[in-house]
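A.B. asks: Starting off with a structure, shown below.
Read the figures in this text as sums done on the coordinates, not as results from a lab. From a predicted model like this one, the values you see are computed outputs, not experimental measurements. Ideal geometry is used to build each Cβ from the backbone, glycine not excepted, and the neighbour counts take in all protein chains shown.
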Amino acid sequence: MRNEPTRARRRALAIWTSGILAVAASAAVPLQAVAQSDYPSKPIHVIVPYPAGGVVDLVTRAVSEKMAESLGQPIVVEARPGASANIGTDHVLRQPADGYTILMGSPYLATNPLLNSTTKWKTDDFVGLGLIGAPPNLFVVSNNLPVKTLEEFVDYVKARPGKVNVSNPGVGSSNHLGQELFFSITGLEMQDVHYKGQPQMIPDLASGLVSFGLVTIALAGPQITEGKFRALAISAPRRASTLPEVPTLAEAGFPNATFLPWYGFVAAKGTPSPVVKRLSDAIMGALKDPAVITRLEKMGTQLTPAPAEEFDKLLASEAVRWANVIKKRNIQPN
């Protein structure tokens, strides 16, 4: 009989404890929702996995400054380059997935897991926030090559299999993979001439030592003006205002070869949906601002804005697309 009060007290304590836990559990969701509805309540950090002062860094700053106005918090842009963009990317994944550390991504998010043996993450470790656009590439030939159109070029190379050369600004770079995509569609076989980057290959293209290459408008424009390059097509959904006579790849007869070395904001998977929506709306709003548009276009960016859900679809399709090209063209990981 002496144990009865003890048992009663234990039952009462268990009931009281379970009640407290139930209240705490029911309160957790509203508290989390409140925290998300207050977002952002402190500065946001955007990691650029490329050097400070480069095009991607400048584009990030142009958009981030306008985003900060609508979000009501400062946005700090940090350049963390190195290891083929993996250093900055790894840093983002080590932070909480709460929207306060986000990343400026580019096609490496789809290709590094396929080509870089040091990559520890996968494309689907990220969610899209907002696509900005890309600096389109031109398919150019040396002016001494006797072709005027891309179809003529394809015929010219097919008549000389393995004898015409092409510049390669870096294995796995967006330009390298873009030309491999074109070769996979057309069946062309060309000799690769390797360079450390696009600037290093310009003199050889201009002199005719190299016959063909993919080059950004910013680098190719002066050479075209001086008559050293001939642009056969632009890899973009529409023609460039600075080169209105150059057809798109679709207009040149190769719509499936179009690719863009895009850039856009992404966050770590697990970032709450309301936070993703808030950031996506801020990005899309910034890309409607005339001053931002002018600033980006002066950098050579062709705007192709897409909100979070559409950007997610692009990330997934890019991973599949480049995996197929890499396999078909037997491009080996480094």
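Residues checked against (1) within 20 Å of P199 (Cβ to Cβ); (2) surrounded by fewer than 21 Cβ atoms within 10 Å (Cβ to Cβ):
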residue	(1), (2)
F212	yes, no
V215	yes, no
Q223	yes, no
A236	no, no
L243	yes, yes
E251	no, yes
V266	no, no
K277	no, yes
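A.B. asks: Looking only at the stretch 87-95, decide whether some residue is of a type in the set (V, I, T), in contact with a helix residue (DSSP H, G or I) (Cβ under 6 Å, 6 or more places away or on another chain) and farther than 30 Å from P244 by Cα.
C.D. replies: No, that holds for no residue.
A.B. asks: State whether one or more residues within the stretch 222-245 are within 25 Å of A83 (Cα to Cα) and outside any loop (DSSP other than H, G, I, E, B). Give the derivation first.
C.D. replies: Narrowing the stretch 222-245 to residues within 25 Å of A83 (Cα to Cα): none.
Among the residues of the stretch 222-245, not one is within 25 Å of A83 (Cα to Cα) and outside any loop (DSSP other than H, G, I, E, B), which makes the answer no.
A.B. asks: Same structure again: Quick one: I185 ticks every box in (1) outside any strand (DSSP E or B); (2) among the β-branched types (V, I, T); (3) crowded, with 19+ Cβ neighbours inside 10 Å except a single one, so which number is it?
C.D. replies: Condition (3) is where I185 drops out.
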